[in-house]
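This report refers to the structure that appears directly beneath it.
The values are calculated or read from the model by the stated rules, or taken from the named source; none is laboratory data. In this text, all values refer to a predicted model and were calculated from it rather than measured experimentally. Counting neighbours? That spans all protein chains shown, and the Cβs are built from the backbone with ideal geometry, glycine included. Only protein heavy atoms, including side chains, enter the accessible area calculation; ligands, DNA and RNA are left aside. Shrake-Rupley method; radii C 1.70, N 1.55, O 1.52, S 1.80 Å.
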Amino acid sequence: MKPSFYKILFDRETPFRCTYIDKLSFDHPWHFHPEIELTLILESEGVRYIGDNTSNFCKGDLILIGSNLPHIWINEKEKNKTSRSRRITLQFPPALMNTMFKYAEELEPVAQLCQLADRGIYFSQKTSKEIEPLLLAINKKKGLPKWICVFELLQQLTQVKEFKLLASPGYQTKLTDKDMDRMNLIFQYIRNNIENKITLDEMANIACLTKPSFCRLFKQKTGKSFIIFLNEFRINHAKRMMLEGKQATIGRIAQKSGFNSVQHFNVKFKRYNDGLTPTEYIKKLKGTKLLA
């Protein structure tokens, strides 16, 4: 999977690149690029990694990603999958922020927004619905009308008061192509073996490293230990099964998420969900759906 540093090409007409992606599954590796990126998920679900943040994603998710912030969207491995994975992205070079945005007082809110994006910004579904028509319009327009739509979109985002920053404060990582290749092999292996036991010895062998070197590398590049990362992945997988409302017992969900016992699953689930048990979490989901 080379290279993981992505070179984004812009045409001479505009510094804004808007891309509509429609595939069976998202297949970009864990990657980064200097360009600032706004991504809207039109159809898909899975787990995303933004810097050192791990969380589920679904239809309607809107994320603003800062310059050189590593990111990836991973779809769940499913047999006989019939749904699509669709998203639309708007990308623009950071040079815009350093020139136009930085020195024009009226555009200072946009510069501040881009600065916050260094940690990745998750916007609400309400904001996503408001922004979607603009992104779709930008994808179709050219020339000055495209510029107008982009600035209308940015203006709306600067007015949003409720959002969530994803990566930890001060998150930084130095990544080489070799590091990225190793990390993508690791992500792929976890995705393909989510139901199975996964050991540090296995992962170290995949990365062609000793176990201590693998643990050190993983912590340096993701900001968390491999065990914590793996548990987060498994728990997010379980929560996605619950959210989909599949008729499965807690035991079945635990098994499909790679936990060898319901007791172990309950302990880990509570740790990563503010003390809620799986049963309490499902009841909360049902209550939310009834109120929606």
Practice prompt. Count charges around Gly120 for me, please; just the other residues with Cβ under 12 Å from its Cβ, Lys/Arg as +1, Asp/Glu as -1.
Written response: -1
Item to complete: For the chain, find the longest principal axis of its Cα atoms and tell me its angle to the long axis of helix 125-140, 0 to 90°, nearest 10.
Response: 50 degrees
Worksheet entry | Computed E for Phe163/Asn68 - FRET, C-beta separation, R0 25 angstrom, nearest 0.05 | 0.75
Worksheet, complete the sentence: Along the dipole axis of the chain (charges at Cβ: +1 for Lys and Arg, -1 for Asp and Glu; origin at the Cα centre), the most positive-end residue among Leu243, Leu64, Leu217 is Leu243
Worksheet item: How high is the FRET efficiency from Ser261 to Ser55, r the C-beta distance, R0 22 Å, rounded to 0.05?
Response: 0.30
Practice prompt. Could you rank Asp181, Asp274 by how accessible they are, 1.4 Å probe, largest area first?
Written response: Asp274, Asp181
Worksheet item: Nearest 10 degrees, 0 to 90: what angle lies between the long axis of helix 226-243 and the longest principal axis of the chain (Cα atoms)?
Response: 90 degrees
Worksheet item: What accessible area, in Å² to the nearest ten, does a 1.4 Å probe give for Glu132?
Response: 70 Å²
Worksheet item: Phe151 to Ser225: extension gain in nm, 0.36 nm per residue of separation minus the Cα-Cα distance?
Response: 22.6 nm
Worksheet entry | Ranked order, Glu105, Glu244 - accessible area, probe 1.4 Å, largest first | Glu105, Glu244
Practice prompt. Find the relative contact order for region 137-292 and round it to a whole percent, using C-alpha pairs within less than 8 Å whose residues are 6+ positions apart.
Written response: 16 percent
Discussion item. Just to be sure I understand the model, the point goes 7 Å from the Cα along the line to the Cβ. What's the resulting Arg84 to Ile206 distance in nm?
Written reply: 3.0 nm
Item to complete: Read through the labelled values (1) 20.0, 60; (2) 18.6, 57; (3) 17.5, 50 and report the label of the one computed as Rg and Dmax of the Cα atoms in Å from the structure.
Response: (1)
Worksheet item: Roughly how tilted is helix 177-192, in degrees to the nearest 10 and between 0 and 90, from the longest Cα axis of the chain?
Response: 50 degrees
Discussion item. How big is the dipole moment of the chain about its Cα centre under a simple scheme where the beta carbon of each Lys and Arg is +1, that of each Asp and Glu is -1, and everything else is neutral? Debye, nearest 20, please.
Written reply: 1000 debye
Worksheet, complete the sentence: Quick tally, 1.4 Å probe accessible area for Leu24, Leu90, sorted with the most first, runs Leu24, Leu90
Fill in: Linear extension gain, Lys178 paired with Lys142, 0.36 nm per residue minus alpha-carbon span
9.1 nm
Worksheet item: Can you flag which of Lys23/Lys174; Lys23/Lys142; Lys219/Lys256; Lys197/Lys268; Lys239/Lys268; Lys178/Lys211 are past 20 Å Cα-Cα?
Response: Lys23/Lys174; Lys23/Lys142; Lys219/Lys256
Worksheet item: At a probe size of 1.4 Å, how large is the accessible area of Met241, to the nearest 10 Å²?
Response: 20 Å²
